[in-house]
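S.K.: This is the structure, below, for whatever I ask next.
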Amino acid sequence: MGWRDFFTDPRLQQVIGKALADNRNLRTTLANVERARALYRVNRAALFPIVNASATLSAVQGTQGRITDNFLVQAGSSAYEIDLWGRLRNLSAAGFETWLATEEGRKSTQIALVAETASAWLSYAATADALRIARETVATRKETLAVNVRREANGIGTKLDVATATSQLNTAEAAVADLQTSLAQARNALELIAGGPLPDDVLPTTLGAGDQVLGALPVGLSSEVLLRRPDVLSAEHSLKATYANIGAARAAFFPALSLTGLFGFASAGLTQIFDSGDFQKSANVAVRQRIFDGGATANNLAAAKASRDAALATYEGAIQTAFREVADALARRGTIEERLRAQTSLEVNAATAYRLSKLRYEAGVANFLEPLDAQRTLYTAQQSLISARLIKASNMVELYRALGGGLVETTVPAEE
């Protein structure tokens, strides 16, 4: 699949296109990506639950009832990306430039660039949503304070209620200030990855449900897309160096199946290849003979056999890793959808509870603590819903990495 099929929002497509066009020096690009990661993954002290692509969601209760947690988005890195960052740190400058010149080096870098651009853009969108909710909460708490001031002046309220409403307003105003800082940091991170300043019209104003931002995975997505993954490409190149028959190797180790079933979840075939234990079977002598069928290798030399066997093991491992990463990401997709449905229902019910508790208070049948607690619950539910939506979007980025997208823009590209 091409990245335009994954990331369908026209504004996000513009930002990704700019990032690909303006980041010509791949080594500098990687350095900027790492710097931006530090910005948008760490500096999120903004009344937001901790989020990562594995659907971890938590909130730490701070002083005076304020949520004082970090907002962290971490889409899972694929095995070839881990290799990419390891090479960046451990190879000499000349050695790394040589590796970048290879097909797999180029693909790894551009996949990282597209994925991190999307992650930073989604992070900005979620932070914008959080800021909007915080501002709405400030407006609501101003109204609540005004009601309490009037009630106290008319002798039916208390100074305690006024003081409590004031402190809650101050807390919401502090949250707005924090989120304004976080939004500026999110923009800095995005522009760092994109290679320069971005106009306001390509920045998202809301993440929403994410359906307009990210495309749906097609039913029956062929496993052949995994042959584009940089680690599989690299392993095939190593096998070719031992005069192996790549067609025979694919037939032996690469399952031809559909990765996705209905609704974009894992297909039955993808699940069954792990349950059946097929990936635990080693290549027998007959299979090896089909793969290494009389090339120019000196097959009688022990060193040549060892090199050949090592290349075959690497190839087999790369394929298993590719299928496992896709299966894991698709499995998480199912639980993420369940969590999102529950969080959406929670937000709706919390809003209803707040509305009813406010009416009870205004009618004089409940004290101020009832709508106050309901309002806190609603605010937390609203922020958690944004987090759940971001988890869903981050899972799509994780799938993009696992499926080995990157250089192509559309699903049916011309041959590279």
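The values are calculated or read from the model by the stated rules, or taken from the named source; none is laboratory data. Just so we're clear, the structure is a prediction, and the values are computed from it rather than from any experiment. FYI the Cβ positions are ideal-geometry reconstructions off the backbone, even for glycines, and counts take in every protein chain you see.
S.K.: Scan the range 212-227 and report the pairs whose first residue is closer than 10 Å to V326 by Cβ and whose second residue is part of a strand (DSSP E or B), with Cβ atoms within less than 7 Å and a gap of 6+ or a chain change.
M.R.: If the second residue must be part of a strand (DSSP E or B), the pairs left are L221/S258; L221/T260.
S.K.: Can I ask one more? Going residue by residue through the range 222-229, is there one that turns out to be aliphatic (A, V, I, L, M) and modelled with pLDDT of 85 or more?
M.R.: Among the residues of the range 222-229, not one is aliphatic (A, V, I, L, M) and modelled with pLDDT of 85 or more, which makes the answer no.
S.K.: Can you pull out every residue in the range 316-365 that is at pLDDT below 90 and among the small types (G, A, S)?
M.R.: Once the filter is applied, which keeps residues that are at pLDDT below 90 and among the small types (G, A, S), the range 316-365 yields G317, A318, A322, A327, A329, A331, G334, A363, G364.
S.K.: Right, something else. Of all residues in the range 191-210 being within 20 Å of A115 (Cβ to Cβ) and at pLDDT below 90, which is surrounded by the most Cβ atoms within 10 Å (Cβ to Cβ)?
M.R.: I193
S.K.: Quick check on this structure: which one of S345, S357, S307 is in a helix (DSSP H, G or I) and within 30 Å of L233 (Cβ to Cβ)?
M.R.: Only one candidate passes the filter, namely S307.
S.K.: Are any residues in the range 312-364 surrounded by 19 or more Cβ atoms within 10 Å (Cβ to Cβ) and either at positive phi or in contact with a strand residue (DSSP E or B) (Cβ under 6 Å, 6 or more places away or on another chain) (or both), and if so, which ones?
M.R.: L330
S.K.: Further question on the same structure: Quick check on A112: is it at pLDDT below 90 and assigned to a helix (DSSP H, G or I)?
M.R.: Considered against the rule, which asks whether it is at pLDDT below 90 and assigned to a helix (DSSP H, G or I), A112 comes out as yes.
S.K.: Shifting gears a bit: Check whether at least one residue in the range 132-142 is within 26 Å of G404 (Cβ to Cβ), in a helix (DSSP H, G or I), within 28 Å of the chain's Cα centre (by Cα) and not charged (D, E, K, R), and report yes or no.
M.R.: Checking the range 132-142: not a single residue is within 26 Å of G404 (Cβ to Cβ), in a helix (DSSP H, G or I), within 28 Å of the chain's Cα centre (by Cα) and not charged (D, E, K, R).
S.K.: Return yes when L131 is modelled with pLDDT of 95 or more, aliphatic (A, V, I, L, M) and under 29 Å from A393 (Cα atoms) and no when it is not.
M.R.: The answer is yes for L131.
S.K.: Cβ-Cβ under 6 Å, sequence separation 6+ or interchain: first residue in the range 314-326 and farther than 20 Å from G220 by Cα, partner of a type in the set (S, T, N, Q) and in a helix (DSSP H, G or I). Which pairs?
M.R.: Going by the 6 Å Cβ cut-off, there are no qualifying pairs.
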